[in-house]
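Chemist: One structure, pasted below without further comment.
The values are calculated or read from the model by the stated rules, or taken from the named source; none is laboratory data. Model, not experiment: these values are computed from the prediction. All Cβ positions, even for glycine, are placed from backbone atoms using ideal geometry, and neighbour counts span all protein chains on display. The area values use the complete protein model at the heavy-atom level, side chains included, leaving out ligands, DNA and RNA. Shrake-Rupley method; radii C 1.70, N 1.55, O 1.52, S 1.80 Å.
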Amino acid sequence: MTQHLDCRSHKLLLGDEPRIVGILNVTPDSFFDGGRFTAVDAAVAQAHRLVSEGAAMIDLGGQSTRPGYTEVPVEEEIRRVVPVITALSASLPVPLSIDTYRSPVARAALAAGAHVLNDIHGLLRDPALAGVAAEFGCPLVVMHNEPGFNEDPADPLPRMLRYFDRCLATATHAGIPAERVILDPGIGFAKTQEQNLAILARLPELRALGRPLFLGASRKSVVSHVLDLPAAERLEGTLAITSLAAWHGVELLRVHDVQANLRAARMAAALRAAVRRHEA
C-alpha cells in the first residue's frame with residue numbers, strides 16, 4: 001500500500017519501493033564521518049551529492065549519539081544545524097529531516113526550513129517535543145530507545161510494540177495525526193546483538209501498528225559483531241541488512257552510502273515482487 005507523506009513543502013511517496021535517507025552529520029565526533037562536514041559549504045555540497053546519488057530525504061544531525069557520546073549544549077547543536085538548513089532550504093529538492101531529541105533545537109530547525117523531525121527517544125525524553133511537531137505539522141520519526149531493554153531476556157518484539165504504543169499515544173495527545181508518525185526500531189540503541197538480529201529478522205511484525213518503518217543500521221556495530229570490521233569496512237554488511245529490509249518492505253532506509261544502498265534495495269524489492277508474482 002502506498003502513502004503520500006506530507007512533509008510540509010514536499011510530498012514523499014512511500015510504499016512503491018524503498019526510499020533512501022542520506023545521513024548528513026555536522027558533528028566532529030560521529031562514529032563514521034565525524035568532522036568531514038562541519039563547515040556549512042561542505043555540508044551543503046554533501047547533501048546535494050547524496051541527492052544526486054538517489055537520496056529521497058536528507059537526515060541532518062548536530063549531536064552525535066554514538067556509543068559513549070558527550071552531549072553538547074543546546075545552543076551548540078543549534079549553531080551547527082541551523083546555518084546548514086537555511087542554506088539548503090531553498091535549493092534541496094527533497095525533504096530535510098532534523099535528527100534531534102531536544103525541543104529548542106527542533107523548533108529552531110523547523111523554523112529554518114526543515115521538513116521532518118526524527119527523535120531517537122520517541123517523544124519520551126523531552127515532553128515539549130511532541131508539541132513542536134504538532135505546531136509545525138511535520139512528519140515524525142519515533143525511535144525505540146528504551147533503558148534496560150538490553151537486560152531483558154524475554155522476546156523483544158512485544159516490549160518494543162508496547163513502547164511504540166506509548167510513543168503513538170504521546171503523539172496523539174499532542175494533536176499529531178497517526179498518519180504523520182513513522183516507527184524506527186532503533187538498531188544498536190540499548191540492544192544486545194541477539195536482539196538486533198532478532199528485530200531485523202522480524203521486521204514484518206512491527207506492521208502490527210500500521211505505520212511506515214524507518215531503519216538505520218548503516219555501518220553500525222550490528223555489522224562489526226558479525227564481521228569484526230571497522231566502520232570504514234562495513235559497507236557490504238550494511239548492504240546485506242538493506243537488502244533484507246527492502247525484502248520486508250521497509251519504506252525508509254537511513255544510510256551513509258546512498259548509491260550502493262539504493263541499488264541493493266531496488267534489486268531486493270524487485271526479487272521480492274517476482275517471488276510474489278510466482279507464488280500468486
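Chemist: Any chance you could look up the accessible area of Glu251 with a 1.4 Å probe, heavy atoms only, rounded to 10 Å²?
Modeler: About 20 Å², ignoring ligands and nucleic acids.
Chemist: Rule-of-thumb check for region 117-171: C-alpha Rg over 2.2 N^0.38 Å? Can you show the working numbers first?
Modeler: Numbers: Rg = 12.2 Å, N = 55, 2.2 N^0.38 = 10.1 Å.
Compactness ratio reported: 1.21.
Chemist: Calculated FRET efficiency, Leu209 and His4, Cβ-Cβ r, R0 22 Å, to nearest 0.05?
Modeler: Details: r = 19 Å, r/R0 = 0.89.
Rounded to the nearest 0.05, the efficiency is 0.65.
Chemist: Please work out the average accessible area per residue across the chain, using the 1.4 Å probe convention, and give it in Å².
Modeler: Values: 11770 Å² over 280 residues.
Accessible area per residue: 42 Å².
Chemist: So for each of 240-250, 188-198 I average, over its residues, the number of other beta carbons within 10 Å; can you give me the resulting order with the highest mean first? Intermediate values should be presented prior to the final figure.
Modeler: Details: 240-250: 21.3, 188-198: 17.8.
Result, highest mean Cβ count within 10 Å first: 240-250, 188-198.
Chemist: What does region 158-197 give for Rg and for Dmax, in Å, if only its C-alpha atoms count?
Modeler: Using the Cα atoms of region 158-197, the pair Rg, Dmax is 12.2, 36 Å.
Chemist: One-quarter of the Cα convex hull surface for region 1-150, in nm²?
Modeler: Details: hull surface 37.1 nm².
For the Cα atoms of region 1-150, the hull's average projected area reads 9.3 nm².
Chemist: Let me ask you something else. Given a 10 angstrom Cα cut-off, can you work out which residue in His144, His115, His225 is the most mobile in a GNM of the chain?
Modeler: In the Gaussian network model the winner is His225.
Chemist: Per the Debye formula with a single identical scatterer at each Cα and no solvent contribution, what log10 I(q)/I(0) holds for the chain at q = 0.11, 0.14 Å⁻¹?
Modeler: One equal scatterer on each Cα of the chain leads to -0.58, -0.99.
Chemist: Also: Could you tell me what percent of the accessible area of region 154-238 is made up of carbon and sulfur, with a 1.4 Å probe and every protein chain present?
Modeler: Values: 2060 of 3620 Å².
Roughly 57 percent, rounded to a whole number.
Chemist: Another question about this same structure. Given a cut-off of under 8 Å on Cα pairs at least six residues apart, what relative contact order in percent is computed for the chain? Kindly include the intermediate steps, with their values, before the conclusion.
Modeler: Values: 523 pairs, mean separation 53.7, N = 280.
Once divided by the residue count of the chain, the mean separation gives 19 percent.
Chemist: While we're on this one: Over region 1-105, what relative contact order in percent results from Cα pairs under 8 Å that are six or more residues apart?
Modeler: On the way: 155 pairs, mean separation 28.5, N = 105.
Result for region 1-105 is 27 percent.
Chemist: If I build a Gaussian network model for the chain, linking alpha-carbon pairs within less than 10 angstrom, which residue out of Ala269, Ala43, Ala232 has the largest mean-square fluctuation?
Modeler: Ala232
Chemist: Still on this model: Which FRET efficiency, nearest 0.05, do Glu179 and Ala273 yield, Cβ-Cβ r, R0 22 Å? Please list the in-between numbers first.
Modeler: Numbers: r = 25 Å, r/R0 = 1.14.
So the FRET efficiency works out to roughly 0.30.
Chemist: Provide the convex hull volume over Cα atoms per residue for region 91-151, in Å³.
Modeler: On the way: hull volume 4.6 nm³, N = 61.
Given the Cα convex hull of region 91-151, per-residue volume reads 75 Å³.
Chemist: How large a share of the accessible area of region 1-117, in percent, is made up of carbon and sulfur atoms when the probe is 1.4 Å and the other protein chains stay in place? Mind showing how you got there, number by number?
Modeler: Numbers: 2530 of 4670 Å².
Answer for region 1-117: carbon and sulfur cover 54 percent of the accessible area.
Chemist: Taking the DSSP beta bridges in the chain as the whole, what percent of them are antiparallel, to the nearest 5? Mind dumping the intermediate values first?
Modeler: On the way: 5 of 32 bridges.
Of the beta bridges lying entirely in the chain, close to 15 percent run antiparallel.
Chemist: So what's Rg/Rh here for region 163-280, counting alpha carbon atoms and using the Kirkwood radius for Rh?
Modeler: On the way: Rg = 15.4 Å, Rh = 15.4 Å.
That ratio equals 1.00.
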